Amino acid sequence: MTDVIDGEAVAADIRDSLSGSIDRLNAEGIEPGLATVLMSDDPASETYVSMKQRDCEAVGIDGIHVEIDTDAPAAELYDTIEELNGDPGVHGILVQMPLVDGIDSRRVLRSIDPMKDVDGFHPENVGRLVAGNDRYRPCTPHGIQKLLEAYDIETEGADAVVIGRSNIVGKPLANLLLRKADDGNATVTVCHSRTHDLEEKTRSADIVVAAVGIPELVDAGMVREGATVIDVGVNRVDADTEKGYELVGDVDYEGVAEVAGAITPVPGGVGPMTRAMLLYNTVKAAGLQND
Ligand code: GUN
């Protein structure tokens, strides 16, 4: 029987587990605060940010949202970040990616106070993660680790194939799975759009993570019987629905579910975990800034 990994349920457990820490912070007069910043017209980004704000409200995090006109000068974004860096009520800052064309996203990420960088994208935090001394684990990779843990999926000695080399998912996840730790110790192969014979790599894997943004790239023929398949993809494909599209992962769910030992659905798999781990990092940030 294939386990369908229930990201909504695991995310709800994570949110519940934060309440004790939030209560302790409240008792010291601190309400964890998260600022989200959007400078983009991308409807998917707008949806993600509003879901993150709703999550904050649900758990008792003070959510602040700043929207910057896409034709505003870059200075407006930098000024906003500087202001948030200096605001003691803001413990976490998330600048939603991708930014509108013409903005230097590396410079933007560098301008965030690393202590408030709850995405874990600042070069200082990336360096710490690679060195095995992380402060904030990026939310999607950390959420995937929590899903594997919740379903007792062993990473120790496992062959893991990560398809995708983004700074947001592929690279940090590969580093986390590789590390010498209870939730690591995997043998990690990172594949991408130029990989030759992808199928040969995935077919021998115990864990396959698809984070490449290609609808239904991973099919049943690419997966070993009993393997764990984690689908990070959220692709909008044209469809005869009310909205004119449907959301499809990077995995052919119906086909792969026939062979996999465990699989995440889209939606309801990785997505809720990304959001839950953002709350986790924000509470952690409030604690670190209170020390
Ligand atoms: N865009 C897609 N995923 C993410 C994320 O985890 N953080 C930010 N800031 N932008 C994203």
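None of the figures in this text is laboratory data; all of them are computed from the coordinates on show. Not measured: the values here are computed from a predicted model. Ideal geometry is used to build each Cβ from the backbone, glycine not excepted, and the neighbour counts take in all protein chains shown.
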Checklist entry - How many lysine pairs does the chain hold where the Cα atoms are under 23 Å apart and the two sit 8 or more places apart or on different chains? => result 15
Checklist outcome for this item: Diffing the stretch 242-247: the Karplus 3J(HN,Hα) column from phi (6.51, -1.76, 1.60, θ = phi - 60°), in whole Hz with x for Gly and Pro, holds 4, 7, x, 8, 9, 8
Checklist outcome for this item: Computed over the chain: longest principal axis from alpha-carbon atoms vs helix 139-150 long axis, angle to nearest 10 degrees, is 50
Checklist entry - If you find the alpha carbon centre of the stretch 142-195 and of the stretch 224-291, how far apart are they in angstrom? => result 15
Next on the checklist: What are the ³J(HN,Hα) couplings of the stretch 85-92, residue after residue, when phi is run through the Karplus curve with 6.51, -1.76, 1.60 and θ = phi - 60°? Round to Hz, x for glycine and proline.
Outcome noted: 4, x, 8, x, x, 9, 9, x
Checklist entry - What order do you get for 128-135, 182-189 when each peptide is scored by the mean count of other beta carbon atoms within 10 Å, highest first? => result 182-189, 128-135
Item to check | Note, ³J(HN,Hα) from phi for the stretch 174-190, Karplus 6.51, -1.76, 1.60, rounded to Hz, x at Gly and Pro | outcome: 4, 5, 5, 5, 6, 5, 7, 6, 4, 9, x, 6, 8, 9, 10, 10, 9
Item to check | the chain, helix-only ellipticity at 222 nm - DSSP H runs n ≥ 4, -39,500 (n - 2.57), divided by all residues, nearest 500 | outcome: -12000 deg cm²/dmol
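Would you mind ranking Glu31, Glu254, Glu216 so that the residue whose beta carbon has the fewest other beta carbons within 10 Å leads the list?
With the fewest neighbours first, Glu31, Glu254, Glu216 line up as Glu254, Glu31, Glu216.
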